[in-house]
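Report on one structure; see the data block that follows.
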Amino acid sequence: MTTRFALLAVVGTLAAAQTVPLPNPPPFDPNDPEGFVEYPNKTGRYVWKRKGTWTPSAFSARGGTAGVTPAARQSMLAVLDSLSAMLRATPEGSQITGWFMKEPRSYFLENPYDLPPGLTPASVPIIFEAGFYPFYLADTLIKGAYKEVTGGETEGIYFTFNRLPEPGKQPVIAQEQVADRGPVRFFLRPDASTTYAGFPVLDGQELVIARPGRDPFAPAPYGRVLRAAMAEFESDRKTAEQRLAGLKAKEAETLAPAYEQAMRDHLEKYSGAFRTSDPKKYEGRLAGMERELRYNRDKAKQDANPQRDEAGNWYWHPMDAYADAQRRLASMSPAEAAAPACFVAAPKEQGRYKIKGQIVAGVSAGCHPIVIENYAYFDPKLPRHVPQILTAKAFGRCFQVVNGQLTPYPLPVKSIVPPQGCARHVAMWSALDWKKVAGLLAP
């Protein structure tokens, strides 16, 4: 998997990315140089032909700035300037007609709570990013005068340097609790088979451009994962035991003489008059009550004594899983503990709410690798401001995955509203020189 990730980062070729034509604008007055289209409610107008602006914000810090020198700040800003210039150099970005761009920029340090033991914010790279928000141009009518709209809602996409990708859609199998730190998450390796311009888009959502030969995910050691998962196995075991305790209490209640007496009292209250007025009806209702009593008692016994079958798996599956995990931990060799962990999902794991499958050692067909965030990905010899990885977390929001390929969502053939958001993003991305984007990272 490491080789695959590295190969995609190197090859990152300019494979033609799919785009879709922007909607045809409505007819304009030939004497209208800005392409006005009135809102249906007459409170403003869309502007199709006016030139828009591209406005980067000040490069601001979010949180503490310990160790961020003015030179490092200028270097990071230069990287964001280059990325922005590449987008603006595309036909869509250079024309910027009928829309405008807001580009917030910021930098920040890793939260010490989120770092694994042994690392501090000063020992890992500085994270910095730019967000891109394309808005359509419009004027709103206020007290008889038109005023340009300066915001609204649109699809924003952030390009972030030096932040490792996240689990995304993948489940967290177990968490290792660490004193004064957030838990270390062990999760299934995201699917990197979907690509855009040659780069992986994890689970069809997060674009990742990595340095050659480096993997942002590391195999999780089997021993650590299984040990961390004991809390989940125990949770399922306790859930089963609590359910069984409730069923045992129900069994005791149902078998008690008071239960039978309550049913007979109920019969006498509502049907006792039939004893003399209609003995046959009374006998029928008495027989029905006694059948119900036998059924309830038999069912209570059965429920409170689960067997190793389909009906009793809710109890035995979590009990067996807990005992099996304890046994494997006790007999595990150092070599086995260090082996990569993987997960075999079970098609039907009754009673297993936390871990619906088996954690095993080694990687094999049908077994999904379990990984952790790989902070060893970063080269500590490089200055902390040097970009080493680029991610776009919500990249996939502008696409649908069709046969493993990212395909832009279709746009209407005609619209009175100028395109914004994903329509503008995709138009720029389809012409973007992604090899140059990858070149922003340290070689």
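Just a few scattered comments:
- With every protein chain in place, region 33-109: carbon and sulfur % of accessible area (1.4 Å): 58 percent
- Solvent-accessible surface (1.4 Å probe) assigned to H385 amounts to roughly 40 Å².
- Average projected area [Cα convex hull, region 164-258], square nanometres: 10.5 nm²
- Among E232, E241, E253, the largest mean-square fluctuation in a Gaussian network model of the chain (Cα springs under 10 Å) belongs to E253.
- GNM top mover of A130, A361, A258 - the chain, alpha-carbon springs below 10 Å: A258
- Qualifying chymotrypsin sites (Phe, Trp or Tyr not before Pro) for region 352-434 [loop in DSSP, other Cβ within 10 Å: at most 16]: Y353
- The accessible surface of region 285-413, taken with every protein chain in place and a 1.4 Å probe, is 55 percent carbon and sulfur.
- Qualifying trypsin sites (Lys or Arg not before Pro) in region 305-352, DSSP loop, other Cβ atoms within 10 Å at most 13: R308, K348
- Estimated D of region 202-263 in µm² per second, where Rh is the Kirkwood radius over Cα pairs and Stokes-Einstein applies at 37 °C, 0.692 mPa s: 193 µm²/s
- Electrostatic tally near E373: other residues with Cβ closer than 15 Å to its Cβ, Lys and Arg +1, Asp and Glu -1, net +1.
- All aspartates and glutamates inside 13 Å of K49 as judged from Cα atoms, apart from same-chain residues fewer than 8 positions distant: D29, D32, E34, D139
- Summary value for region 356-443: 29 percent relative contact order, contacts being C-alpha pairs under 8 angstrom separated by 6+ residues.
- Alpha-carbon radius of gyration plus Dmax, which is the widest Cα pair, for region 91-141 in Å: 18.5, 58
- Sequence-distant lysines (8 or more away, or on other chains) whose Cα lies within less than 18 Å of K301: K248, K250
- Selected from A287, A229, A220 as most flexible by GNM, with the chain as the system and alpha-carbon contacts under 10 Å: A287
- Close amide H pairs (under 5 Å, H built 1.01 Å from N) link Y39 with G44, R45, Y46, residues at least 5 positions away or on another chain.
- In order through region 403-415: 3J(HN,Hα) via Karplus (6.51 cos²θ - 1.76 cosθ + 1.60), integer Hz, x for Gly, Pro: 6, x, 10, 7, 10, x, 5, x, 9, x, 5, 10, 7
- At a probe radius of 1.4 angstrom, the accessible area of the chain per residue rounds to 50 square angstrom.
- Cα-based Rg and Dmax for region 22-169, where Dmax is the largest Cα-Cα distance (Å): 20.3, 68
- Of the trypsin sites (Lys or Arg not before Pro) found in region 17-99, the ones in coil according to DSSP and having at most 11 other Cβ atoms within 10 Å of their Cβ are K42.
The values are calculated or read from the model by the stated rules, or taken from the named source; none is laboratory data. No experiment lies behind these values; they were computed from the predicted model shown. Cβ sites come from the backbone with ideal geometry, for glycine too, and all protein chains shown count toward neighbours. Note: areas computed on protein heavy atoms with side chains; ligands, DNA, RNA excluded. Shrake-Rupley method; radii C 1.70, N 1.55, O 1.52, S 1.80 Å.
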